[in-house]
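Coordinate-derived values only; no laboratory data. Keep in mind the model is a prediction, meaning the values are calculated, not measured. Using ideal geometry, Cβ is built from the backbone for each residue, glycine included, and neighbour counts are taken over all protein chains shown.
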Amino acid sequence: MPGPTAGSAGDTSTAPATPAEAGPGAAATASTGTDASATDPAVGDPSVTDAAVTDMDATAPSGGTPGRATIGVLGGLVALGPLTTDLYLPGLPAIAEDLVAEPAAVQLTLTFSMFGVAAGQLIFGPLSDRFGRRPPLLAGLVIYTLASVVCVIAPNLTVLIAARFVQGAAGAAGLVIGRAVARDRFEGVAMIRFLASITLISGLAPILAPLFGAQMLRFTSWRGTFGALAALGLLLTLVAFGALRETLPASARRGGGLSTTLRTMSGLLRNVPFLGLLLTSTFAFGALFGYISGSSVVLQHVYHVSPQTYSLLFGLNSVAIVGATQLNGRILAPRFPAAALMRTGLAAMIAAGVALVLVTAVWDLGLVAVCASLFVMMASLGMVLPNSAARALSLVAPQAAGSASALLGTGTFLCGAIVAPLSSLGGSPSAVLLAVVVLSCALLSAASYLLLMRPAKTTPADAPEPAVA
């Protein structure tokens, strides 16, 4: 295969003799002598296809086993963005009353927070490629802590909205740099295992955060929830400063300014397999955000479940994500190609979405059928999300991992900001509308994967013939 392989930051002394044998950790430019200008080394070979990525997954070195301490630290950093977005949600009515504002205006604190998380990843991801992982991460955590304090003392809604935007943008540093560190430290199955654990945390955070927030309101006000976020930001700052070492050496960092960053991101978006995995992950998260934003109203107002029952159902779907991510990372990923796991997960997503539409719009089978469909949907996300992220990051060299992680995270939260209000269109709660939103996201996710990850029509003369995806 001509040009650098996906993860071209490996040890060149151990590079395989032929491109067909090279894994993602091989420095293909060194091993093949190909002109580096043919392909952006930070992006990887744009001709890489589904079958080729499958081959790379199968031969990738493990890169070591992620320890619990590493997972705990980076998991906390990755969860900071979702916690920032969702922990205070039960306190929205109290915010409207305390600040004498309309409920619709108070919703802007959520919208601007999500836009902040999306924008922050575009800032901190490229900065981490240029200056290393630690300095932007620590700066982001300090800014996050200060913005959280401003939220606590906000005298009016305007100040709160502005602080929420800054808080979301700064909190995105942990989200985007956490994934980049995974690319720095792990490859192959080890990266899939690590990202499965990270996806477990980041997937549970937006689901469980409102439940914790509701319990906090029993003994504190909405300002107390922001105080908890400030304390969490300070704790993560101290832990990251003391425990998280630099993972991107100076020799591997990208120079240049804004033009270099834009050129890197443009190259990533022109890489068709990366774009396919980016859109697959984005729309899969859209299904998750559609569920989060619409299920509370639908289950409590359409199917008349109590808040306690709704919390139980929420917990069951959390178990679905936990179980699927752990099954994927610990048992399935070492035994099956990532492409096969992706197709299985996407098929399960579509099946659950179709079932959800049928049991709400056609057969009206009631609460049990709706909950069963949502359970399968959440479990399928536990396979799709970690595999799509791991495979996308394996297509880039470590010096562009921050930019790649930024694009992955930005797409996720932009899609969430767009999808979240769709489940409540029309004013009255609708189970059918929720089902249509979830199914639409599942179909778009699968279509992105199947259309953009198709094998190339022509293959290099020195490369093995790819299998049909």
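Annotations
- Computed from the Cβ-Cβ distance with R0 of 41 Å, the FRET efficiency linking Asp98 to Ala340 stands at 0.20.
- In this simple spin-label approximation, Arg253 and Thr158 carry label points 7 Å from Cα along the Cα→Cβ vector, and these lie 3.9 nm apart.
- Cβ-to-Cβ counts within 10 Å put Phe212, Phe112 in ascending order as Phe212, Phe112, the fewest first.
- Ala361/Gln107 FRET efficiency (R0 25 Å; Cβ-Cβ; nearest 0.05): 0.35
- Förster-model FRET efficiency, 30 Å R0, Phe219 and Leu327, C-beta, rounded to 0.05: 0.20
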